[in-house]
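First comes the structure, then the notes that go with it.
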Ligand SMILES: Nc1ncnc2c1ncn2[C@@H]1O[C@H](COP(=O)(O)O)[C@@H](O)[C@H]1O
Ligand SMILES: Nc1ncnc2c1ncn2[C@@H]1O[C@H](COP(=O)(O)O)[C@@H](O)[C@H]1O
Ligand SMILES: [Mg+2]
Ligand SMILES: [Mg+2]
Ligand SMILES: [Mg+2]
Ligand SMILES: [Mg+2]
Ligand SMILES: [Mg+2]
Ligand SMILES: [Mg+2]
Ligand SMILES: [Zn+2]
Ligand SMILES: [Zn+2]
């Protein structure tokens, strides 16, 4: 079977990790007129205002010329990250592969730049028709599929630089290296400088997210987080803890949040999630018990839903526009997250499975 | 199919996360005479000297009474971590499940204590016949299977406290909370205190490790890291990067290290790896190209091996005792990592698969 590709999961860039130490090559790439530079203001992506399509977010593709004054203003301390080389229009149709055999010259270089220290007004005046997608919802979830992965990569890296400015081992300032993929402590003699330590590298948090199937195979377990919009229910999920397997993390989080016991766990697919830098590990899990006892600290509710119930809301009419905010809006009694969420894909995968499995 | 259980992957404890804020309950558990406390000196586990079984490491199970003087000497700044409640002798035989329905009273509480600031001599004098397994090899890999997961959990947490003493957002001191599962910045007004941020939580690094199968299905790709012992070859592996899927990380690392292109990727199993706190995500990957171009910065060599070659060394006679250190030792022309390594299990899984798949 083909690998599933979730939203944020398709990234057409070759990261060219071996070039990250080559300052001259990077500088040449940055100045190339075909190069695309994404700007972020306090992690808000700078996008093109597209009035015609309000439900679609187009990242603005800046060139070096557009932002040369901005770069100068930022000075040497700036967070400028190399994303990779690639082509948005790929003629390669046999599935997602970040690697392309074409000659390097024909590929576009991509960078991301943090412009938080410059005023929003100044950034918005670089070009006409710009906007800052300050809130991750819905902006981050309406990107063209082929750019969503690039934006996820960029935003995760910038979020790391924003929160990890200091060496966690000694508290001194850490400085960016290797085109944004490393931060090294600047204090001589710091233990973090002896040997290889994760303190110097971007942090990615593994999270398990799982659709739990009832012992009779006829229902699935969905929950409502305390801050979920409207009547939305979704898969249970949780951060992995030190020293556990993916499978045990699924069992532990489901038990903690719902009291349901899980036996076998089956990996489905994964999704990078740039809020700020998680790796969603999507699984199906087979319950060995049914009684639900909701952890009221984390969830408002958790329930078993039949195949028919989820199939109806999944394939049903579009939600009324106020469904996300108004609990008394018309429409179905509950709804699922949109297709961009891996939870949605897990539900879909279960609906496609034979009910007798 | 049952889930595979790798070494370090079986952990019989219920972590009881909801009790981590209950200082009184934790104190009672700590003082209970049945409670087991593991000691680590600079991340070296304190073990029982077992001369009869030199290739077996038994963690010393300290009681509160054994270490009450040690606890006093450490004072209030000590790193004492609650691991969970459990039973080593489980009558539950239907596979790995950290959760048990038995009454809490019958379960043993487990803790881990960092005693680095006390001299080794003093620690070794707590009881007769103690030893510190200072080097992770081979000590960490010869634990009883039922304790390996507990030790992995404990060591990952202590390694985090050792390297993340300071707030990465502002450089101030961070203090331990919630029985060892949180560190909070102590500086008023630090941005890390507003909202939920990963800076406060233990770090787990996802790593992909993969057995790559040749296009004809007859061979697998193995490499030799620069610092591998003797003639050992193993699966390629690498840290996941921000904003990528598990599947793309497999493709990227294999391409970086060997030049081989990979198409479909199949998840196999996972393994917590406490050096210092990785999550090994084991996969099989199907190559779409064959030519190897070794990344000499990371690997000494990479080669395709036939089923017969790996089957021979996997099922062959035990290695001569000097095989790990002496490149000219007698025995097979190469060897695989031991059964405790997930790489070993990936090779085994491939050998069991039909050659025509
Ligand atoms: N890396 C992390 N980032 C953010 N929150 C975390 C992290 N690890 C544990 N948590 C805690 O996990 C809670 C969410 O619960 P869950 O996602 O079910 O594990 C958060 O409110 C935090 O208290
Ligand atoms: N979290 C991390 N911890 C340690 N090393 C890392 C980490 N992330 C990236 N690296 C780098 O990855 C190298 C090992 O390569 P690989 O395991 O193939 O990705 C190390 O030598 C580091 O330079
Ligand atoms: Mg949760
Ligand atoms: Mg959790
Ligand atoms: Mg939870
Ligand atoms: Mg590697
Ligand atoms: Mg790597
Ligand atoms: Mg590598
Ligand atoms: Zn430092
Ligand atoms: Zn702080």
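FYI, it's all coordinate maths here, none of it is from the lab. Every value quoted in this text rests on a predicted model; they were computed, and no experiment measured them. Methodologically, a virtual Cβ is constructed for each residue, glycine included, from the backbone with ideal geometry; neighbour enumeration extends over all protein chains shown.
Calculate how steeply helix A:145-163 sits against the longest principal axis of the alpha-carbon atoms of chain A, using the helix alpha-carbon long axis, and give the answer as 0 to 90 degrees to the nearest 10.
It works out to around 70 degrees.
Once you average over the residues of A:198-210, how many Cβ atoms of partner chains fall within 10 Å of each Cβ?
Working: counts 11, 5, 0, 4, 6, 7, 13, 7, 8, 0, 0, 0, 0.
Mean number of neighbouring Cβ atoms from other chains: 5.
Among B:44, B:171, B:263, which one moves the most in a GNM of chain B with springs linking Cα atoms closer than 10 Å?
Highest fluctuation of the listed residues: B:171.
Which of A:291, A:11, A:198 moves the most in a Gaussian network model of chain A with Cα springs under 10 Å?
A:198
Taking every residue in B:274-286, how many Cβ atoms of other protein chains lie within 10 Å of its Cβ, on average?
That works out to 2 on average.
How far apart, in nm, are the 7 Å Cα→Cβ label points at residue B:121 and residue A:351?
7.2 nm
Along its principal axes, what span do the Cα atoms of the protein assembly as shown show, with the longest given first and each in whole Å?
If we take the Cα atoms of the protein assembly as shown, the spans are 77, 66, 57 Å.
Using mean Cβ contacts within 10 Å as the protection proxy, how do A:20-33, B:334-347 order, highest first?
Details: A:20-33: 13.9, B:334-347: 20.5.
Ranked from most to least packed, the peptides come out as B:334-347, A:20-33.
Please report the projected area of chain A's Cα convex hull averaged over all directions, in nm². Could the numbers behind the result be given before it?
Values: hull surface 83.4 nm².
About 20.9 nm², averaged over all directions.
Output the 0 to 90 degree angle, nearest 10, between the alpha-carbon long axis of helix B:64-74 and the longest principal axis computed from the alpha carbons of chain B.
80 degrees
Using the scaling law 2.2 N^0.38 Å as the reference, what is the normalised Cα Rg of the range B:213-270?
Details: Rg = 12.3 Å, N = 58, 2.2 N^0.38 = 10.3 Å.
So the range B:213-270 has a normalised radius of gyration of 1.20.
When DSSP beta bridges are limited to those with both residues in the protein assembly as shown, what percentage is antiparallel, rounded to the nearest 5? Please report the intermediate quantities before stating the final value.
Values: 88 of 118 bridges.
Around 75 percent antiparallel, to the nearest 5.
Have a look at B:163, B:231, B:203 and tell me which one the Gaussian network model of chain B (Cα, springs below 10 Å) gives the largest fluctuation.
Greatest mean-square fluctuation among the candidates belongs to B:163.
Under the convention of a label 7 Å out along Cα→Cβ, give the distances in nm from residue A:73 to the same position in every other copy, shortest first.
Spelled out, the distances from residue A:73's label point are 6.0 nm.
Report, for residue A:24, each distance to the same residue's label point in the other copies, shortest first and in nm; define the point 7 Å along Cα→Cβ.
Spacings between copies for this position, smallest first, are 7.0 nm.
Compute the distribution of all C-alpha to C-alpha distances in the range A:193-328, in bins of 10 Å from 0, and list the percent of pairs in each, rounded to whole numbers.
Cα pair-distance distribution for the range A:193-328, in percent: 11, 36, 34, 13, 4, 1.
Over all directions, the average projected area of the alpha-carbon convex hull for the range A:1-76 comes to how many nm²? Numbers along the way, then the final one.
Values: hull surface 33.0 nm².
With every direction weighted equally, the projected area is 8.2 nm².
Can you give the average number of partner chain beta-carbon atoms within 10 Å of each beta-carbon in peptide B:164-175, as a whole number? Intermediate results must be reported in sequence, preceding the final value.
Values: counts 5, 5, 8, 6, 13, 6, 4, 9, 2, 1, 2, 0.
Taking the mean over all residues of the peptide, I get 5.
Shortest first and in nm to one decimal, what separations exist between residue B:138 and its copies in the other chains, measuring from label points 7 Å along the Cα-to-beta-carbon line?
Relative to the other copies, residue B:138 has label-point distances of 6.1 nm.
Using only Cα atoms, find the angle between the long axis of helix B:342-352 and the longest principal axis of chain B, and express it within 0 to 90 degrees, rounded to the nearest 10.
40 degrees
If you build the Cα gyration tensor of the range B:113-248 and take the root of 5 times each eigenvalue, what three semi-axes come out, in whole angstrom, biggest first?
Details: eigenvalues 236, 151, 30 Å².
Semi-axes (√(5λ), whole Å): 34, 27, 12.
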